Amino acid sequence: MPELPEVETVRRGLEPWLAGARIDKVTLNRADLRFPFPEGLKDALEGQTVTHVGRRAKYLLLSLSGGKTLLSHLGMTGSWRFAEHGIDKPPRYYEPGTEPKHDHMVWEIAHPRHGKSHLIYADPRRFGFIDLFERPEDSPFLRGLGPEPLGNDFSAAEMAEKFAGKKTPIKSALLDQRVVAGLGNIYVAEALHRAHILPTILAGKLVTARGKPKQALDELAIAVREVLIEAIEVGGSTLRDFRNAEGGSGYFQHRFAVYDREGQACPTPLCTGIIARIVQSGRSTFYCPVCQKRP
DNA sequence: CTGCCCTCCTGAGTGC
DNA sequence: TGCACTCAGGAGGGCA
């Protein structure tokens with residue numbers, strides 16, 4: 001589920017309560033998610049203080065006082081949230097017989113100002129995963145990631161270098177985390193619509209013979225940034241599962257121009273198009289056949 | 001190397 | 001109401 005805006009929303013929800021908190025106790029309710037939990041995870045976490053709550057692409061990065069970093073990927077249905085309960089009491093739904101079956105990891109934490117609470121990682125489909133490392137270069141998940149789309153290294157010129165000669169459709173190219181890190185199916189569709197680019201056009205067609213970005217690619221870089229910033233401002237998108245750390249929904253789904261809007265009118269001013277859905281490399285692509293024609 | 005396709009898993013939604 | 005079936009926001013790995 002969660003793409004960059006959703007992970008950033010989770011990060012912002014966790015930060016005020018988690019940064020500075022000490023992890024007193026870790027309960028693992030199973031041995032794995034998508035991958036086995038890192039060896040010695042419980043011992044590595046207990047007694048540590050979380051010094052920083054960060055994010056890289058779709059990864060949540062919790063820095064620990066001992067120098068290690070915990071990496072959390074939410075897969076499609078992963079969530080971090082604080083249990084609703086009073087200080088020093090167990091979460092309500094850990095009363096006997098009411099344990100939710102998808103709460104795979106529970107932390108008891110103590111914050112110098114906010115007191116004690118429980119932080120729960122839940123993930124029904126278990127596509128999420130956890131990693132623990134000393135240095136970022138030690139984690140295979142961070143290696144090879146492209147630039148942060150909201151950072152200084154991301155630009156049309158940078159994309160043009162990667163796209164030159166590329167025969168993959170622009171939709172698939174943007175989903176490749178080595179090109180730009182943090183986009184998923186939703187925000188790729190929205191960004192392509194804003195830049196009026198046809199999702200099936202080959203990525204190489206957006207680059208001039210001299211290897212420079214065509215105007216459409218310039219506008220795509222801008223559109224990617226805009227759509228992500230707007231989505232973060234309203235707490236990401238909730239289609240089914242996504243919840244922030246307080247258990248609330250995002251609101252960006254109400255602003256979708258194309259995603260999940262097959263058969264509806266294109267919102268581009270003066271455009272008469274009807275949103276279409278096609279399948280590209282096994283994933284749904286939504287676009288407007290009338291105003292998205294550019295290479 | 002590149003570009004596909006499959007897969008992991010559960011739950012929600014749909015149609016009969 | 002029940003049941004079978006399809007589909008879903010990710011991404012590693014395997015294949016041609």
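The values are calculated or read from the model by the stated rules, or taken from the named source; none is laboratory data. It should be emphasised that the depicted structure is a prediction, and the values quoted were computed from it without experimental measurement. All Cβ positions, even for glycine, are placed from backbone atoms using ideal geometry, and neighbour counts span all protein chains on display. Side chains are part of the model used for accessible areas, which takes the heavy atoms of the whole protein and leaves out ligands, DNA and RNA. Shrake-Rupley method; radii C 1.70, N 1.55, O 1.52, S 1.80 Å.
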Conditions (1) hydroxyl-bearing (Ser, Thr, Tyr); (2) open to solvent by less than 10 Å² (accessible area, probe 1.4 Å); (3) over 21 Å from A:PHE256 (Cβ atoms); number of the one not met by A:TYR187: (3)
Near pairs, Cβ below 6 angstrom, 6+ apart or cross-chain, from the range A:130-150 (at negative phi) to any residue that is of a type in the set (Asp, Glu) and in a loop (DSSP other than H, G, I, E, B): A:PRO147/A:ASP153
Residue within the range A:57-72 that is among the aromatic types (Phe, Trp, Tyr), outside the structural domain of A:ALA191 (by TED's automatic domain parsing), within 16 Å of DNA strand C (Cβ to nearest atom) and open to solvent by 10 Å² or more (accessible area, probe 1.4 Å) present: yes
Selection count, the range A:23-53, where residues are within 16 Å of DNA strand C (Cβ to nearest atom) and within 17 Å of the chain's Cα centre (by Cα): 1
Any hit, the range A:271-282, residues being part of a loop (DSSP other than H, G, I, E, B), touching a residue at least 40 places away in the same chain (Cβ under 8 Å) and near DNA strand C (Cβ under 10 Å from one of its atoms): yes
A:LEU198 being open to solvent by 20 Å² or more (accessible area, probe 1.4 Å), farther than 25 Å from A:VAL7 by Cβ and more than 19 Å from the chain's Cα centre (by Cα): yes
Residue satisfying all of: in the range A:139-162; more than 15 Å from DNA strand B (Cβ to nearest atom) and touching a Ser or Thr at 6+ places or on another chain (Cβ under 9 Å); modelled with the lowest pLDDT among these: A:SER139
Leading residue by the ranking (surrounded by the fewest Cβ atoms within 10 Å (Cβ to Cβ)) among those in the range A:159-173 that are within 13 Å of DNA strand C (Cβ to nearest atom) and not hydroxyl-bearing (Ser, Thr, Tyr): A:LYS167
Residue among A:ALA265, A:ALA245 that alone is touching a Phe, Trp or Tyr at 6+ places or on another chain (Cβ under 8 Å) and among the hydrophobic types (A, V, I, L, M, F, W, C): A:ALA245
Some residue of the range A:174-184 being open to solvent by 30 Å² or more (accessible area, probe 1.4 Å), within 14 Å of DNA strand C (Cβ to nearest atom) and in contact (Cβ under 8 Å) with a residue 60 or more places away in the chain: yes
Helices (runs of 4 or more DSSP H) fully within the range A:129-229 counting 2 or more residues that are touching a Lys or Arg at 6+ places or on another chain (Cβ under 8 Å), over 23 Å from A:ARG277 (Cβ atoms) and assigned by TED's automatic domain parsing to the domain that holds A:THR77: none
Of all residues making up the range A:115-158, the number that are within 26 Å of A:TRP17 (Cβ to Cβ), aliphatic (A, V, I, L, M) and near DNA strand C (Cβ under 10 Å from one of its atoms): 1
Residue match in the range A:121-128 (condition: free of Cβ contacts under 8 Å to residues at least 60 places away in the same chain, assigned to a strand (DSSP E or B) and within 16 Å of DNA strand B (Cβ to nearest atom)): yes
Test: residue in the range A:160-176 that is among the charged types (D, E, K, R) and on the phi > 0 side of the Ramachandran plot: no
Boolean, A:GLY165 is out of contact with any strand residue (DSSP E or B) (no Cβ under 9 Å at 6 or more places or on another chain) and within 16 Å of DNA strand B (Cβ to nearest atom): no
